[in-house]
Structures are given as C-alpha cells and as structure tokens.
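Remarks on the structure that follows.
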Amino acid sequence: MSVEAELLWAEKYRPKTLDEMVNQEEIISRLKQFVKSKNMPHCLFAGPPGTGKTTAAHCLARDLYGPEYHRWFLELNASDARGIDVIRTTVKEFARSIVPGPVPFKIIVLDEADNMTADAQQALRRLMEMYTTTCRFILIANYPSKIIEPIQSRTAFFRFTPLKPEDIIARLKWIADQENVKYDEEAMKTIYEISEGDLRRAINILQAASALGGRITVEAVYKVVGRAHPREIREMLKLALDGKFVEARDKLREVMINYGLSGLDIIKQVHREIFSSEMKLPEDLRVLIADYAGEVQFRLVEGADDEIQLSAFLARLALLGKKFKV
Amino acid sequence: MPEVPWIIKYRPKRITDVVDQEEAKNEFIAWLNRWLAGRPDKKAALLHGPPGCGKTSLVEATAKEYKLELIEMNASDFRRREDINRIAKVAATKSSLFGRKKIILLDEVDGISGTADRGALDAILELLEITKHPVVLTANDPWDPKLRTLRDQCKLIGFKRLPKRAIISVLKTICQRERLVCEYPALDYIAERAEGDLRSAINDLQAVAATTKRITLNIVKAVVYSRYREYNPFEMLRKLFTSKYLWQAKAALSSSNLDYDMIKQWIAENIPNQYSDPEELWRAFEALARADQYMGRIIKTQSWDLLAYAMDMEAAVAIAQKKPTYRFVKYSFPQKIMLLAKTREVREVRDALAKVIASHLHISSALAKSEVIPYLKVIFEANPRYAARLALGLNLTENMVKYLAGNRYRKVLDYLKRFRSGETLTSRTTIRRRTRSK
C-alpha cells in the first residue's frame, strides 16, 4: 500500500516562481524587472483575497535569492502579531541578524497591514525608514485606502485585480488533472461562482469536493458548501424571526464558540443567508434586515462587542419577524 | 475527598514565611524572648491589624519554630466556664523541667461582645493575672472601648495592611505548587480586590481554581465578583430594571463596582429575562448596543469624555418598557463567561489548529478559521482515509483530528496509525519527489 502525506492544495499547487504565476501579467512583469536589477523599493500589494498577493511576494523572493530565500525573508501577519511592539521587536531582530550570503537586502512581508491602526502604521513607517538600507518591506492589504498616506507615498503600489473566471477555472482543471480527479464542466463554473474570484477559496472547495469521493459534480460542490457553512447561522436567523430570541442567542453563542467565528465572520454569512433562496422572506423584509446587518458590521469594525451587537441584531429580527408575520 | 482549604495548607511554617510585617515580627519576638528568659515586661501581647494580615499565622509559625506547645482558643468560646477553667489550669501550671513550654493564643478578642460577655473579659483578665506562659491576643480593632482595661495589660503590636505585591507573590507561589496556569492580571485582580487581606485572596484563588486550572482574568472576575455582596450584580440589575427615571437607572449603574465590561455582560444576559415583548426587547438591546458602541470608541480613541453617553444609553435599557409592570424577575449569571470557561480546551485545540493552517497557507489565524477549517471539517467527516493523509502532511495532533472529524475521529486515527507504522517514506521526501516529477 503506497500512501503519501497530503497537503492542502492551495499550498501544494502554489506557484513557486514568478514565471509559474498565470495571471496579474502586468504586475508580474514589473516584479521581474526587480529581479533583473537585483533591487526593489518598498512595495504595497493591494487587492481582494485569493488574487496572488502573498504568492507574488514569495515568488519574487525566490527568484531573487533562490530556493533558500527563507533565510532572508520574514513573513508577519498583522492580524496575528499582537500590536506594533511585537512587530517592532521581530523586525528589529530580523534586520539586525547577519545572514551570510550575496544578498543586498532582506525582505519583510507584512500581511493584512490594513488591519493595523493608524498609530501602528505610523510606527511601521518609522521602522521602514530605519531599516531602509538593509531591508525592503512588502505590505499586503485588501483595502489600500486603509493604509495611511505617508506609507502609500513610500511604497511602489501594485493593484491586484480579481481573477478572471477563465483563469480560475483553468487553474482548477489543471489541479484536478494533476490529482487525477474527474469533473463536470458545470461543477467548475459553480465553484468559480461560489468563490467570488477568490482562488484560495475555489481550491479549498475543489479539494473538499474531491474528498467526497468520485467525480466532482455540481451536487458535490453544493454539498461541500452546504456543510462548510455552519447550519447554525440559518437556524439562528429562523429562530429569531420566529420570535424565539433566547434560543437564537444560544445558537449564536454556539457558532461563536464552536466554530471560533468572529462577529464579522458571522454577520457576513448572515448577509449571504438573507438573500439565499433557502430563506423565504418578503423582499422588503430582506432589505430591512440587510440594512441593519450593515449597521452592525460597521459597529463591529469600529470595535464594538461581538455578542452584544449580534444580540441586538437578533432582537431586531424578532421584532421584524412579528411585524411581517413570517 | 474534599480539598484542604489552602489557607490551612499554605499557612506559614516558619517566621520568615510570614509575609511582610517585619516591624511587628521583631517586636513580637523581642517580647517573647523576654518572656522565655523569665522577665516579661507585659504578660500578654495584643496583636492588632486588619483581617488576613498574618497575626494568627505569626503566632503559629513562632510556636513551631520555638517548639512551644500552642494552646489556641477562639475568644468567642470563652464564655464557657469549663473552657476557662481548662485554660486557666494550663496557664497556671509551670511546665516541668523536660516538658514543652507553652504559648496561649486567644484569637479575635474583639469578637467578645462587651455587655453580654462581661464574664469572658473578666476571665481573660484573671488569666493574665495567674499565667505562667506567654499569652497572645489578637484583634482587628484594639481601640474598641470594651477592650480598654485589657489593653492596659498588654503589649500592643500593630500589623499593617499587606501591600498588593506581597499578596501577589504568595498567590504566585501557590499557583506554582498547585500547577495552575495563571495570568498575571488575574492575580493582580484578586490581590486588588482583597484589599490587603491575604486570607480572602487565597480563598478567592481556591474558589477560582475549583472551576478551572487556568486562572484568567475573565474567570476571576466571574467567580470573585459573586463573592462580594457589596458588588452584588443582582442588586444592580434589580435597581436598574425597576428605575422609572434615567437618573435612577444611572444611580443603579454607578452603585455597582463591577467594571464597565462586566456590567454590559450582566445586562445583556438579563434583558430577555426582563423583557419578553419583542418591541421592548429590541429597544433595550439597541440601547445597550449603542452604549457598547460608545465604549468601543472610547477604547479605540481613549476619549473618556464619551463615557457619559455610554452611561446614558446603558441607563436607557431601563426605560425600554412601554408601560411599567411589576413582577419578580430571576436574573442569571452571564452565560457567555461560563461558556468560555467550559469550552476552553476545545477552543485551545481549535486555535492551535488555526495556527498550523495559518503558517501552512501564509494567512492569518482568523482567516484559517473562517475560510479553511470549515472545508477541512467537510473532508475529515466525509473521507477518513484522505483525512489521515492530510493529518500526516500537516502534522496534526490527535486532538486536532478529533476536533475536525467529530464522532468519526477513530477511523481517521486508525488510518493515521497504519500510515505512520507502515510507511517508510516520510512526508517530506514524498512531497519533494512529487514536485520533481512534475
């Protein structure tokens, strides 16, 4: 019996070099110029999730420094590294350490930089200036507008665009062929639609659908998506609309604790549910719910408490449910 | 087997173990040494100071170290004639040449009520008259008028309220010995609340440890608060929800010493207990949600002048009802806090798993939780063999497999065991070979 350890396909089939990247042509050619001249400025990679920002940073470093590039490469995630102090210390240590090799500068990648507060970004700006002779920063963000002006002006800006449907579908098919998995044409289109242009999500769905065994069909894809999204969210909405607030809140807690979802994750999924065909709601009710969901999302981004805001949302649903007699 | 109270388990065995109070210790030892040398200046010492600052502990530790037999008696028992006789008999008898010397401790003498126990005070005075052994009395308030005559017969030794750092250091030691994982802010919080009373701090710690081995600030707040009647959240809620006017509601909120975050949690938990009408429920929650929004802004921008608005909105929860109704409402403890304490282990496994995935895919843990783990769960529940291959490749722990596969975890683990024992290829070489062949 031959058994191979398996990886997540999103990693297994991640391009290793800039040449292997199949999209973002304009960006890739600019990055290749950096490789050619063996120099680069600080960079800001911005664009929606799953469009190749992190991959491009790794490929660039590999093309510059070869397969051992990790020795001169520091990757930090602003959402995980708690506070600017942690970032400052880590960067300082990394920048100071001397790693022998024919390398003019080290590369520091800071992912989800738009999640940093303005103050933390100011501190980051100072760091960038302090180590500018020995290090280059690549900042990665979903929303470039959330990056402060002084940083934007100190970085070369790269806007990653959502992948074209044919690019995503071609990539999915290529992976399926590598894995010897049979598929229906329609299934690939469905995956693309669900992924909303996010290649990582598309590949995750593909891998999960293939794990169900047999051919990848539209049904298999829907099965995966149905199971991956907590049923509890829909049940929670139904309970709330039914006026059963306490039960709905229990479901909310279950989702938050069991799945570890943040308030933002939940309100985004709620938004999707409101417009799904599974929820039979009058159109004007959908609008009212969506409007309040948007308000709650804004408050959460502002730093309000997940459970209290979502409880208010559920209380709102209970009231609307009674008025509309759903 | 019920656990020994930690205040007993960890009471000081030597004089140096008694925390702080150096001045009092020196005075006490000097007094005792003069006694043992046969020339006492005063026959009794009255140790006084706030509760839990080490008065009794010092006497006990000293007795141990000086190898004295400790005759201990709580002063409130002192009205019983036979006890008085017993002590008096012991006190009056000089120990034989080879017998152990004795020390007599009368705890909490201010617990004697002046008029009703007139006899007890007389008995103590009589005891001091005849005693051939050192007598130690303790009291919280030595200036109580009823103790005046007694005070004149005693050497007064004052104990100070223990500083917070001293309490924290004792708590830390206990945590280490009990193998508790403790957050510093949690201990700091307990010590702060104890207000110099080490005994109550240790009791609090034990109460918290009875629910969890991981002492976090949140759990401490949940458990410790309920011990203090003056901070009674139930009372605060009752006052809040029966307020007719906003000023009453605000007074109710500020009467409580709970911090803002906890007040929020208590109110959120109990709004549905108070209001069942959907309109009222919504109005109350929206008011609280607005208050919460202000608090978020305060934290973010440090503009504490917004606090007034937060309090206004929180008070508005009270006037959410359409017309006043009077009924008895049973309020409950915030379930969120209990749930967090109960689900700690599962959450730790999930967070560790998210970290593994995050570093594998170069994403944040949050994204791993919302975008990747759900699909992994689908795989682990549907296809145990494939799941085991992934577990091998990602180097997942048994607990992570259990988390992902739910009640099908045994199958996955079986495959995993087979793969691990039967395979000569390590995961790394496998991956490399495949990349090369591509």
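The values are calculated or read from the model by the stated rules, or taken from the named source; none is laboratory data. Since this is a predicted model, take the numbers as computed values, not measurements. Cβ coordinates were reconstructed from backbone atoms using ideal geometry, including for glycine residues, and neighbour counts include every protein chain displayed.
Values as computed for the structure displayed
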{"read-out": "Residue within segment B:204-211 that is hydrophobic (A, V, I, L, M, F, W, C), crowded, with 16+ Cβ neighbours inside 10 Å and in contact (Cβ under 8 Å) with a residue 40 or more places away in the chain present", "value": "yes"}
{"read-out": "Pairs with Cβ under 9 Å, 6+ apart, first in segment B:296-309 and more than 16 Å from B:S254 (Cβ to Cβ), second surrounded by 12 or more Cβ atoms within 10 Å (Cβ to Cβ) and among the small types (G, A, S)", "value": "B:G296/A:G303; B:G296/A:A304; B:R297/A:G303; B:R297/A:A304; B:R297/B:A310; B:I298/B:A310; B:I299/A:G303; B:K300/A:G303"}
{"read-out": "Qualifying residues in segment A:174-183 (those that are part of a helix (DSSP H, G or I) and farther than 26 Å from A:A57 by Cβ) - the one farthest from the other protein chains (Cβ to nearest Cβ)", "value": "A:A176"}
{"read-out": "Selection count where residues are exposed (fewer than 15 other Cβ atoms within 10 Å of the Cβ) and aliphatic (A, V, I, L, M), scope segment B:235-254", "value": "2"}
{"read-out": "Qualifying residue in segment B:179-191 (condition: farther than 10 Å from B:V220 by Cβ, surrounded by fewer than 22 Cβ atoms within 10 Å (Cβ to Cβ), of a type in the set (D, E) and outside the structural domain of B:D259 (by TED's automatic domain parsing))", "value": "no"}
{"read-out": "Subset of segment A:184-215 (residues that are among the β-branched types (V, I, T), surrounded by fewer than 24 Cβ atoms within 10 Å (Cβ to Cβ) and within 14 Å of chain B (Cβ to nearest Cβ))", "value": "A:I194"}
{"read-out": "Sole residue being buried (at least 22 other Cβ atoms within 10 Å of the Cβ), out of contact with any helix residue (DSSP H, G or I) (no Cβ under 6 Å at 6 or more places or on another chain) and assigned to a helix (DSSP H, G or I), chosen from B:L390, B:L376", "value": "B:L390"}
{"read-out": "Given (1) facing another protein chain (nearest Cβ under 10 Å); (2) in a helix (DSSP H, G or I); (3) surrounded by fewer than 19 Cβ atoms within 10 Å (Cβ to Cβ); (4) in contact (Cβ under 8 Å) with a residue 24 or more places away in the chain, index of the condition A:Y222 fails", "value": "(1)"}
{"read-out": "Strands (runs of 3 or more DSSP E) (entirely within segment A:86-170) containing at least 3 residues that are over 25 Å from B:I299 (Cβ atoms), of a type in the set (V, I, T) and in the same structural domain as A:F34 (by TED's automatic domain parsing)", "value": "A:106-111"}
{"read-out": "Count of segment A:1-60 residues which are polar (S, T, N, Q), under 23 Å from A:L206 (Cβ atoms) and assigned to a helix (DSSP H, G or I)", "value": "2"}
{"read-out": "Residue tally, condition in a helix (DSSP H, G or I) and surrounded by fewer than 22 Cβ atoms within 10 Å (Cβ to Cβ), over segment B:36-56", "value": "2"}
{"read-out": "Segment A:111-122, residues that are hydrophobic (A, V, I, L, M, F, W, C), closer than 16 Å to A:V91 by Cα and over 14 Å from the mean Cα position of the chain (by Cα)", "value": "A:M116, A:A120"}
{"read-out": "Which listed residue is more than 10 Å from chain A (Cβ to nearest Cβ), assigned to a helix (DSSP H, G or I), crowded, with 19+ Cβ neighbours inside 10 Å and modelled with pLDDT of 85 or more, from B:A318, B:A368, B:A354, B:A358", "value": "B:A318"}
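Every residue, every condition in (1) among the charged types (D, E, K, R); (2) touching a Pro at 6+ places or on another chain (Cβ under 6 Å), yes or no:
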| position | (1), (2) |
| --- | --- |
| B:A24 | no, no |
| B:W31 | no, no |
| B:W35 | no, yes |
| B:K55 | yes, no |
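Here is a yes/no grid of residues against (1) hydroxyl-bearing (S, T, Y); (2) more than 14 Å from chain B (Cβ to nearest Cβ):
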position: A:W9; (1), (2): no, no
position: A:T17; (1), (2): yes, no
position: A:P41; (1), (2): no, yes
position: A:C59; (1), (2): no, no
position: A:S97; (1), (2): yes, yes
